[in-house]
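I have placed the structure first, in the form of structure tokens, so that the comments after it can refer back to it.
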Amino acid sequence: MIISMIAAMANNRVIGKDNQMPWHLPADFAWFKRSTMGKPVVMGRKTYDSIGRPLPGRLNVVISRDESLEIEGVTTVTSIDQALEIVSDVDEVMIIGGGSIYESCLPKANKLYLTYIDFDVDGDTQFPDWGEGWKQSFNDTYQADEKNKHNMEFVILER
């Protein structure tokens, strides 16, 4: 199984502030949807809360320390290993955040779907430094327009 992580980040690797993304970029949402559709998505409870609903067309797995947590339309687990066991029969699983989930999953990840946003912003959550040993297998750029205020680069890294 390919363990993939997908994230959008500003120039300083900021991915969030106060449990929200500090930007609204429809082109990045479209990239996220295209990249994750039909694949299970694994996220922490705070990320789920920020989304506010299960993502359609995908098995949603939420990791929480609260063993009694039940969310309609979502599979809840208490560990990353439990989450990966539930989806072990698929070709690719998408880890969609947040910061502590990314940090824990990075050593297991084979693939990173990253959106680099040309934007400097303060935040309280950063994507972890993924280090060396990754090869870029895809790259596309997006120029800012009336709906997307910042230039973006969509990249896939693999190891």
Length added when fully stretched, Ser68-Ala30, from 0.36 nm per residue minus Cα-Cα: 10.3 nm
Residue with peak Gaussian network fluctuation, the chain [Cα springs, cutoff 10 Å], from Gly38, Gly133, Gly99: Gly133
Sequence-distant lysines (8 or more away, or on other chains) whose Cα lies within less than 20 Å of Lys17: Lys46, Lys149
Straight-line reach check, Lys33, cutoff 19 Å on alpha carbons, 8 or more apart in-chain or any other chain, hits among aspartates and glutamates -> Asp49, Asp91, Glu92, Asp140, Glu153
Longest principal axis of the chain (C-alpha) makes with the long axis of helix 26-36 (C-alpha) an angle, in degrees to the nearest 10, of 40
What ³J(HN,Hα) values, in whole Hz, does the Karplus curve 6.51 cos²θ - 1.76 cosθ + 1.60 give for region 127-135 when θ = phi - 60°, with x put for Gly and Pro? 6, x, 5, 8, x, 9, x, 9, 10
List the lysines whose Cα lies under 20 Å from the Cα of Lys135, skipping any in the same chain that are fewer than 8 positions away. Lys108, Lys111
Would you compute, for the Cα atoms of the chain, the largest minus smallest coordinate along each principal axis and list the three values in descending order, in whole Å? 43, 32, 27
Computed, not fitted: 222 nm per-residue ellipticity of the chain from DSSP H runs ≥ 4 (each -39500 (n - 2.57)), nearest 500, equal to -5500 deg cm²/dmol
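Where a number appears in this text, it was derived from the coordinates with a stated rule and is not lab data. In this text, all values refer to a predicted model and were calculated from it rather than measured experimentally.
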